[in-house]
Amino acid sequence: MKKIFYSILLVAGIGCVVASCSKGAYNANTAATANGAINPLTPLNISQFDWIASGREPMSANIDGVPWTASYATWALDTFGGNMIVGYLGSKVMYLYLNQVYQGNIYSMSYHDYLTSGSWSDSVGNAYMSYFSYNGNSGEVYITHNDSLYIQGMFYFKAISESGKLSVISNGYFKLNKF
């Protein structure tokens, strides 16, 4: 009986691995320019977050090389200490979830390592048009200010949709008042 049970677990495990490896055409090249994003194996240090002067309030980024600035952005704190930042421009939405982040620190936005992630949707309501940093396994957020009045920082990430489409978010910036 145990052998049958373990055999079922083994087959199920192999099936899960095969199924997860067959998605999309993600380029796993480790070169710094792979997929037009920063190499997740060599993340940025604080001095390399040098685009704050080009950031626009309340939230901005380059999305696939095209400048984007939110017409409206908001901040909320959830019961787990997570800062939820959402920026809107028409039907386009940028969402950052920054769990327990502190000023002067850099946090990974890949694979929910620290419950910190980003997502981008170029058409709200179409799930296949949403891109997530944890699918791209890259990105960071640098928190430059975080107190009871406002939160400010810079970010970048490689976002991939569930269907395997890539979107590169670079030169990200936000500064939001807390309420």
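The values are calculated or read from the model by the stated rules, or taken from the named source; none is laboratory data. Remember, predicted model here, so these are calculated numbers, not experimental data. Glycine also receives a Cβ, built like all others from the backbone with ideal geometry; neighbour counts cover every protein chain displayed.
Would you please name the residue that is nearest to residue 158 (Cα to Cα), looking only at residues in the stretch 89-122 that are modelled with pLDDT under 80 and not aliphatic (A, V, I, L, M)?
Filtering the stretch 89-122 for residues modelled with pLDDT under 80 gives 110-115.
Subsequent filtering for residues that are not aliphatic (A, V, I, L, M) retains 110-114.
Values: 110: 9, 111: 12, 112: 14, 113: 15, 114: 17 Å.
Going through the qualifying residues, I end up with 110.
Being within 20 Å of residue 76 (Cα to Cα), free of Cβ contacts under 8 Å to residues at least 24 places away in the same chain and touching a strand residue (DSSP E or B) at 6+ places or on another chain (Cβ under 6 Å) is the requirement here; does residue 173 meet it? Taking the combined requirement at face value, the residue does not satisfy it.
Contact annotation: residue pairs with Cβ atoms under 7 Å, 6 or more positions apart or on different chains, pairing a residue in the stretch 37-63 that is farther than 13 Å from residue 156 by Cβ with a partner that is at pLDDT 85 or above and of a type in the set (Lys, Arg), are 57/175; 58/175.
Tell me whether the stretch 134-149 contains one or more residues that are surrounded by fewer than 22 Cβ atoms within 10 Å (Cβ to Cβ), of a type in the set (Asp, Glu) and at pLDDT 85 or above. Yes, the stretch 134-149 has at least one match. Only one of the numbered conditions (1) more than 21 Å from residue 164 (Cβ to Cβ); (2) exposed (fewer than 11 other Cβ atoms within 10 Å of the Cβ); (3) modelled with pLDDT of 85 or more is not met by residue 5, and that is (3). Among the strands (runs of 3 or more DSSP E) confined to the stretch 59-172, the ones with at least 2 residues that are over 17 Å from the mean Cα position of the chain (by Cα) and over 24 Å from residue 46 (Cα atoms) are located at 72-77.
Taking the stretch 114-123 as the range and being surrounded by fewer than 22 Cβ atoms within 10 Å (Cβ to Cβ) and closer than 19 Å to residue 48 by Cβ as the test, no residue passes. The residues in the stretch 46-105 that are of a type in the set (A, V, I, L, M), surrounded by fewer than 16 Cβ atoms within 10 Å (Cβ to Cβ) and over 23 Å from residue 166 (Cβ atoms) can be counted, and the count is 6.
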